[in-house]
Amino acid sequence: MEYLPNIIFAVALIAGIGFFARNVKKLTRNIKLGKDVDVSDNKSQRWKNMARIALGQTKMVVRPVAGIMHVIVYVGFIIINIEVLEIILDGLLGTHRLFSPLGSVYDFLIGSFEVLALLVIVAVIVFWIRRNIIRIQRFIKPEMKGWPKTDGNMILYIEFVLMILFLTMNAADFQLQQLGAEHYHEAGAFPVSQFMVPLLDNISESSLILVERTAWWLHILGILAFLNYLYYSKHLHILLAFPNTYYGKVKPQGQFNNLESVTKEVKLMMDPDADPYAAPVEEDAAEPEKFGASDVMDLNWVQLLNAYTCTECGRCTSECPANQTGKKLSPRKIMMDTRDRLEEVGKIMDANNGEFVSDGKQLLNDYITPEELWACTTCNACVQACPVSIDPLSIIVEMRRYLVMEQSAAPTELNNMMSNIENNGAPWPYNQMDRLNWVNE
Ligand code: SF4
Ligand code: SF4
């Protein structure tokens, strides 16, 4: 019986980490459904991007209020969780405040965790007000209705409750230390939770222990539950922002990923010395199985990683000129739809022993419509605005490529322009011989 709490703790820990590992496996499998892409170039630039954008949060602070609050929550949440290491070891070994022999260093750590916890609580309240009272435009767009809104609020509630539990645990512990309760030796500094102590006045020692133990258990079980909630939430970005910024685009932003076979074809058309009747050389014969993307498996794995990393912050959509002028396009929705479809494909695979069985649906039309795709001006504002290096434009371009090259389903204006280029060598409907007439005007 003496070791029962330790055993229960070990079981909860193994279950929590085991379930998380299972979800990570699923996540990796889904991302790997994407096509291969070479990201072995520019390693030093990639590391720099990760350090600057994910760790340094440089793109977050472009919008100072949200950015600084986010930095507080991020730093606070990560640092406070160092405390989790002590909690886990205490839980497994049956000790109490195992690191307290560190003396003044320990006092400093616990004191700073408390200050950070308070700042996190303040930031979380500000975030909640921005989402639910001020109702900032980017949080109330159509794609944010239902689960995305609930998810955004849930994360705030969970973080708030975890911080309150942490402070409650410390306040009860502090009071027990003052009372000289057994096992509660003097350790730690409590600059914030000491102000909660009056709430615990006139409570018996056994009730105080109950408060402290309850807060301790709920805090660690809450963290394990939150860890497993990540997979189902936009909050997955706290893990994926790092690989995503590493694998993000390092080429110039306007540079498109041209298809080699098409480039050769165009060069052949444009080269006056080329023999249009010459037999294709062997290497030219290989063409992609499919041009562009109509479903998630046609995208590359970095684009699928992008979809899982999206924080649904809407910075891309708020900068998008198409969205601003009332078009149906929202780059955030492009990412959310890609993730939703990928999850759907993953569930089908789960139900069929890892095999994908067509469900008659696809990303194109069932999630993203051609109207959205053709509204894009390819301006790159969304890519520039994204705080975690996501590239919604690359998905839009791949899907447009499919519409044009596989379905010949471009809008009439584009079809006219493309036939003009093919026939006249220019986008205008003039004879090739007249192309330079403007010089004489
Ligand atoms: S590239 Fe397209 S989706 Fe992105 S901001 Fe510009 S118009 Fe919007
Ligand atoms: S793509 Fe980037 S900017 Fe757009 S919602 Fe997702 S994380 Fe935010």
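The values are calculated or read from the model by the stated rules, or taken from the named source; none is laboratory data. Since this is a predicted model, take the numbers as computed values, not measurements. A quick note on method: Cβ atoms are made from the backbone with ideal geometry, for glycine too, and the neighbour counts reach across all protein chains shown. Heads up: the accessible areas ignore ligands, DNA and RNA and are worked out on the full protein's heavy atoms, side chains in. Shrake-Rupley method; radii C 1.70, N 1.55, O 1.52, S 1.80 Å.
Can you tell me, using C-alpha contacts under 8 Å and at least 6 residues apart, the relative contact order of the chain as a whole percent?
That works out to 19 percent.
Using a simple spin-label model with pseudo-atoms 7 Å out from Cα toward Cβ, Ser204 and Lys48 lie 6.6 nm apart. For the peptides 222-233, 34-45, 299-310, the ranking by packing is 299-310, 222-233, 34-45, with the highest mean count of neighbouring Cβ atoms within 10 Å listed first. Using a 1.4 Å probe on the protein heavy atoms, what percent of the accessible area of the range 1-158 belongs to carbon and sulfur? Result for the range 1-158: 74 percent of the exposed heavy-atom area is carbon or sulfur.
By the Stokes-Einstein formula, at 1.002 mPa s and 20 °C, the range 178-271 with its Kirkwood radius over alpha-carbon pairs has D equal to 108 µm²/s.
You can think of it this way: the chain between Ala225 and Ser419 has 64.1 nm of extra reach, that is 0.36 nm per residue less the Cα-Cα gap. For the range 1-99, relative contact order (Cα pairs under 8 Å, six or more residues apart, normalised by length) works out to 40 percent. Leaving out ligands, DNA and RNA, and with a 1.4 Å probe, what % of the accessible surface on the range 294-441 is carbon or sulfur? Whole-percent figure for carbon plus sulfur exposure: 50.
How high is the relative contact order of the range 52-182, in percent, with contacts defined as C-alpha pairs under 8 Å that are six or more residues apart? Across the range 52-182, relative contact order equals 23 percent.
Between the Cα long axis of helix 412-424 and the first principal axis of the chain there is an angle of about 50°, rounded to the nearest 10.
Here the 3J(HN,Hα) profile of the range 201-215, calculated from phi with Karplus coefficients 6.51, -1.76 and 1.60 at θ = phi - 60°, is 4, 6, 10, 5, 4, 5, 5, 4, 4, 4, 4, 5, 5, 4, 4 Hz, Gly and Pro shown as x. Applying the Karplus relation 6.51 cos²θ - 1.76 cosθ + 1.60 with θ = phi - 60° to the range 361-368 yields 3J(HN,Hα) values of 10, 7, 5, 6, 6, 6, 10, 10 Hz, where x marks Gly and Pro. Surface composition of the range 173-280: carbon and sulfur atoms hold 61% of the protein heavy-atom accessible area at a 1.4 Å probe. Using just its DSSP H runs of length 4 or more, each adding -39500 (n - 2.57), the chain gives a mean residue ellipticity at 222 nm of -18500 deg cm²/dmol after division by all residues. Ligands, DNA and RNA excluded, the heavy atoms of Glu86 present near 10 Å² of accessible surface to a 1.4 Å solvent probe. Converting phi to 3J(HN,Hα) with the Karplus coefficients 6.51, -1.76 and 1.60 and the offset θ = phi - 60°, the range 65-82 yields 5, 4, x, 5, 4, 5, 4, 4, 4, 5, 5, x, 5, 5, 5, 4, 6, 5 Hz in sequence order, with x at every glycine or proline. For Lys327 and Val75, the FRET efficiency from 1/(1 + (r/R0)^6), where r spans their Cβ atoms and R0 equals 56 Å, is about 0.90. Note on Ile125 and Thr263: their simple-model spin labels are 5.7 nm apart, each label 7 Å out from Cα toward Cβ. Looking at the chain, the accessible area is 53 square angstrom per residue; that uses a 1.4 Å probe and ignores ligands, DNA and RNA. The listed residues Leu33, Leu342, once ranked by accessible area (1.4 Å probe) with the largest placed first, stand as Leu33, Leu342.
Extension gain for the segment Thr150 to Thr214, taken as residue separation times 0.36 nm less the Cα-Cα distance, is 20.3 nm to one decimal.
Scanning residues 5 or more positions from Lys35 or on other chains, those with amide H under 5 Å from its amide H are Leu299, Asn300, Trp301, with H placed 1.01 Å from N in the peptide plane.
For Lys25, a cut-off of 15 angstrom between C-alpha atoms picks up these aspartates and glutamates, skipping any fewer than 8 places away in its own chain: Glu343, Asp350.
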